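Working notes, structure below.
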Number of protein chains: 2
Amino acid sequence: MNGSSKLLVQEVALRDGLQMEQVFVPTEEKIRLADALSGAGFSRIEVSSFVSPKAIPALRDAADVFAGITRRPGTIYVALVPNQKGAERALAAGADEINLVMSASETHNRANMGMTREASLAGFAAIVQAVRGSNVSVNASIATAFGCPFEGEQPIEKIEAIIDRYLRLGVTGITLADTTGMANPRQVAKTVRRALERMPAGALTLHFHDTRGLGLANVLAAWQAGAYRFDAALGGLGGCPFAPGASGNICTEDLVSMAHEMQLETGLDLAALIDLSRRLPSLIGHAVPGQVAKAGPPSRLHPKPGFAARSDGPRGIAD
Amino acid sequence: MNGSSKLLVQEVALRDGLQMEQVFVPTEEKIRLADALSGAGFSRIEVSSFVSPKAIPALRDAADVFAGITRRPGTIYVALVPNQKGAERALAAGADEINLVMSASETHNRANMGMTREASLAGFAAIVQAVRGSNVSVNASIATAFGCPFEGEQPIEKIEAIIDRYLRLGVTGITLADTTGMANPRQVAKTVRRALERMPAGALTLHFHDTRGLGLANVLAAWQAGAYRFDAALGGLGGCPFAPGASGNICTEDLVSMAHEMQLETGLDLAALIDLSRRLPSLIGHAVPGQVAKAGPPSRLHPKPGFAARSDGPRGIAD
């Protein structure tokens, strides 16, 4: 059971979580949540997405959110960006990092981004050029890296080729994303090992969805293979357009609880995260998948029961 | 990523799942489900519990369920039993195996079983004696093996001592149970390795609850440490008396999907399990936690979208 003694968790609920919601969370609530998250210790927060407001109305206030947050020293505020226009808006809004996204699957990239992968890559080259010389860093994500809902499994050689293209573009970080929760631990271990032959662990982020319940098992496999940077969403927000009712991103507080129980440092305040997660339902109008916010952390013990009333034989028979 | 190429899954929804439900599932529905589960390939099904009907009214029909099921050759039908009286009833009902349960934690054993651990062990000795010479096998479970909601973490030496007592009693199998979902992968790996110094993997079962979302990560850790037998409940039935709204046992179809994706054999028909899981809400009156029944297996692909209507730029921006 070997891996890094620290996990770096990037909070993505404000972006990958809220983009799936039907309700528009008011701008001031988003700002309040971003500030509470930085207060809980996150060094990286994906704040919003600079996409067409027609495509994702839930995030149409991206610039206002960036303008309103209180910048915590040491926290990197990230914006997801699909194209050059989005990059210009993100830079103008003061994003510390822009996160580009292209799918491993050509079919998914056309469905998700409305363009071919070659068109995506051409745009990314222009964006990297435009950013060069500024203090803004560029991360590039590979969506459907562990499987595409239209095409199925993506060959690992295809992922390696995209990593190489991204690295040649000059990005500073790469994210492998399991967009619709198709990854399994064996595949994750192999893919992470192969990726780490091409880049250092400090530049590699894993983005898992819990669509089929394997999110934290995949984190464990990735961590054992040498990765230590993970995206996660408070409460497990996120969902999946192909699986109504299914879980979303891996849940931040569940991941942090696992890490702390395993004696891994995250720099995060779990009690604060649980408190924030419990406020999500009132913000978005429905329950969220996270478990630790319901059960409490394992360290929270219960008062010992009185036994006088229980001498009449077995009561619970739990195992 | 090494471990056994096969997983043995014991289905426990009829016992550990239904005992938590407020509704009484009609006996004929239980029988139908047990027969459907054996039809889906289970070699081990925990059918019911021979406890006081006052303690667990949901399982008051244990003998009738055993009498009604169609025995599939090769399937072992298990009954949970708290004491000698329960054992007599289980034997009379024709159980193939009886599963005894005692907590690692003295406090939990008194709360759950209404007796001290020494009283539990004395009863177990009598039961093993009574069964000796018959074809009925005896498994013994250690509840709260990975933590007690009253006492907290249980020292591994305590678990080893109970394993030794169980083995001296002459049981044929031992289950380590994470009764309230307090285990973490690092602890699981260590505990399984230590247990397997005392007994073969073929006699060791792990029983995980997903109370804090770590169920399948714990399975992965246990499998890597050499274990291959796991309890799981269809749909993730089960719940936790200390965590209202929390998940229950690890979900059978999610576990089986993970195993199959990792190329591990289970002998189980995943499509049949998903079909059965989807019928659970009508049986018990509420949704169940399992994810694969909602999302479908990863191999279920979606029709490729038409692109003509999507040439106007990014639409989804999922990663």
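What follows draws every value from the coordinates through simple rules; no lab data is involved. What you see is a predicted model; the values in this text were computed from it and never measured. Cβ: placed from backbone, ideal geometry, glycine included. Neighbour counts: every protein chain shown.
The table that follows gives values for the structure above.
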item: Added length on full extension, which subtracts the Cα-Cα distance from 0.36 nm per residue, residue A:24 to residue A:199; result: 59.2 nm
item: Counted charge near residue A:293, where neighbours are those whose Cβ lies closer than 15 Å (Asp, Glu -1; Lys, Arg +1); result: -2
item: Under 15 Å from the Cα of residue A:54 - aspartates and glutamates, other chains or at least 8 residues apart; result: A:21, B:312
item: Residue closest to axis [chain B; rotation mapping onto A; Cβ; Å]; result: B:217, 2
item: Residue-wise HN-Hα coupling along the stretch A:128-143, computed from phi with Karplus coefficients 6.51, -1.76, 1.60 (Hz; x: Gly, Pro); result: 4, 4, 5, 7, 3, x, 8, 8, 8, 9, 10, 10, 10, 9, 10, 6
item: Cα-Cα over 27 Å, subset of A:294/B:158; A:304/B:30; A:6/A:190; result: A:294/B:158; A:304/B:30
item: Distances in nm from residue B:267 to the matching label points in the other copies, shortest first (labels 7 Å along Cα to Cβ); result: 5.0
item: Relative contact order (%) - criterion: Cα under 8 Å, at least six apart; region: chain A; result: 19 percent
item: Radius 11 Å from Cβ of residue B:279, net charge of other residues (Lys, Arg +1; Asp, Glu -1); result: 0
item: For the stretch A:212-219, Karplus couplings with θ = phi - 60° (6.51, -1.76, 1.60), whole Hz, Gly/Pro x; result: 10, x, 9, x, 6, 5, 5, 4
item: Candidates B:48, B:299, B:247: whichever shows maximal mean-square fluctuation once chain B is modelled as a Gaussian network with Cα springs under 10 Å; result: B:299
item: DSSP bridge orientation in the stretch B:147-304 - percent antiparallel, rounded to nearest 5; result: 20 percent
item: Antiparallel bridge percentage (DSSP; both residues within chain A; nearest 5); result: 5 percent
item: The stretch A:46-88 and the stretch A:241-291: distance between their alpha carbon centers, rounded to Å; result: 22 Å
item: Amide hydrogen neighbours beyond the local backbone of residue A:319, cut-off 5 Å, H modeled; result: none
item: HN-Hα J in Hz across the stretch B:171-177 - Karplus 6.51, -1.76, 1.60, θ = phi - 60°, x for Gly and Pro; result: 6, 9, x, 10, 10, 9, 10
item: Antiparallel bridge percentage (DSSP; both residues within the protein assembly as shown; nearest 5); result: 5 percent
item: Rounded to whole Å, sorted largest first: equivalent-ellipsoid semi-axes of the stretch A:8-310, Cα gyration tensor; result: 31, 23, 18
item: Mean separation of Cα contacts under 8 Å, 6 or more apart, over the residue count of the stretch B:138-284: relative contact order %; result: 18 percent
item: Positive minus negative residues near residue A:206 (Lys, Arg vs Asp, Glu; Cβ under 12 Å); result: -2
